[in-house]
Amino acid sequence: MATIDMTFPLWGLVIFILWTIAVVILLLTVRIRHLSAGGSVKDFATPNDESLLWRLFRVQSNLVENLPLYIGVVFLLTVRGVSGIAVDSLVVVYIVFRLIHSAIHIAGIDPFFRFLCLVIQLGCLVTLTGLAIF
């Protein structure tokens, strides 16, 4: 059976998955701490940008929403055998800004920077998709 070497896009996927797992563990820890301090389960679904619980929930949801897009791009690149410095660089930029996006959201920093990170990520995904197709 043929094997596929670990490429930058595949390593990016590993990092994306591990980061998502780390955020879920952090979210569970904060939820357990919240409940043990007498908080209500109802608080989990209450939008409140001041609440770390809510921000972590949004980060986790955002990661889950974006993971299929990145998986699709990695699939296209891998199946088509597309690689090179441009692909590797775009993957690194995408993953770095994915992590920064999450960190900004968790910290509750100005949403403009989070939006800027999102635009950079989207640009990377669109460019990677173009490289995979053409």
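Since every read-out is calculated from the coordinates, none of them should be taken as a lab result. This one's a predicted model, so the numbers in the text were calculated from it and none came from an experiment. Virtual Cβ from ideal backbone geometry, glycine too; neighbours counted across all protein chains shown.
The lone criterion from (1) in contact (Cβ under 8 Å) with a residue 12 or more places away in the chain; (2) of a type outside the set (A, V, I, L, M); (3) surrounded by fewer than 20 Cβ atoms within 10 Å (Cβ to Cβ) left unmet by Tyr94 is number (3). Scanning the range 1-34 for residues that are part of a helix (DSSP H, G or I), exposed (fewer than 12 other Cβ atoms within 10 Å of the Cβ) and more than 20 Å from the chain's Cα centre (by Cα) yields a single hit, Ile32. In the range 35-89, the qualifying residues are those that are among the acidic types (Asp, Glu) and part of a helix (DSSP H, G or I), and the one that is farthest from the chain's Cα centre (by Cα) is Asp43. Considering only the range 63-81, state which residues are free of Cβ contacts under 8 Å to residues at least 60 places away in the same chain and either of a type in the set (Lys, Arg) or surrounded by fewer than 18 Cβ atoms within 10 Å (Cβ to Cβ) (or both). Of everything in the range 63-81, those that are free of Cβ contacts under 8 Å to residues at least 60 places away in the same chain and either of a type in the set (Lys, Arg) or surrounded by fewer than 18 Cβ atoms within 10 Å (Cβ to Cβ) (or both) turn out to be Val64, Glu65, Leu67, Pro68, Leu69, Ile71, Gly72, Phe75, Leu76, Val79, Arg80, Gly81. Do any residues in the range 11-39 that are touching a residue at least 60 places away in the same chain (Cβ under 8 Å) have Cβ atoms under 8 Å from those of residues that are of a type in the set (D, E, K, R), where the two are at least six apart or on different chains, and which pairs are they? Listed by first residue and then by second, the contacts come to Phe16/Arg98; Trp19/Arg98.
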